[in-house]
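Engineer: Please see the structure below; I have some questions.
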Amino acid sequence: MASFLTRLTSKVSNTLSCYPRNSGGLQAIMNSKLRKLAERDENVVLASGIPSTIIRSASLETTPGGEKGFNFTEGIAAKGKISREDAATICVEALDAIPQTTLIFEVANGDENVTDWKTWFAERMAKG
């Protein structure tokens with residue numbers, strides 16, 4: 001499982017978009033374009049009507065995962081940070097939770113400890 005998470009963490013770090021705050025010059029232009037592309041892709045998924053899970057992660061950090069809890073507050077993705085390993089863990093756990101409609105949430109590292117992801121996702125899906 002550890003080597004699978006390592007490979008997935010690498011894959012997630014290459015596919016998840018993160019937008020550093022307060023960047024300037026060329027970096028700001030690139031981040032703006034990436035953000036627009038991510039928003040466009042999200043709109044395509046939403047318009048498809050296919051039940052899906054959209055995870056809006058905070059800025060990815062190269063720090064050890066599993067050492068902090070999580071923060072799922074709306075708006076946290078724009079200002080928080082999350083380890084790549086923790087982001088990958090959430091993506092893996094989301095694979096077992098198939099929503100009836102589209103499930104969207106934001107996540108960063110924080111204080112909430114999640115020990116039972118199946119229950120956590122079921123509760124989110126029940127809220128609609």
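Just so you know, all these numbers are worked out from the coordinates, no wet-lab data involved. Quick caveat, the model's predicted, so the values are computed rather than measured. Note that we place each Cβ from the backbone using ideal geometry, even for glycine, and neighbour counts take in every protein chain shown.
Engineer: Taking amide hydrogens as modeled 1.01 Å from N in the peptide plane, which residues meet the under 5 Å criterion relative to T102, leaving out close sequence neighbours?
Structural biologist: Residues meeting the amide H criterion: S52.
Engineer: Same structure again: What is the sum of charges around V114, taking Lys and Arg as +1, Asp and Glu as -1, for the other residues whose C-beta is under 12 Å from the C-beta of V114?
Structural biologist: Residues close to V114 contribute a combined charge of -3.
Engineer: Can you pull the one-decimal nm distance between simple spin-label points at E42 and I54, each 7 Å off the Cα toward Cβ?
Structural biologist: Reported label-point gap for E42 and I54 is 0.5 nm.
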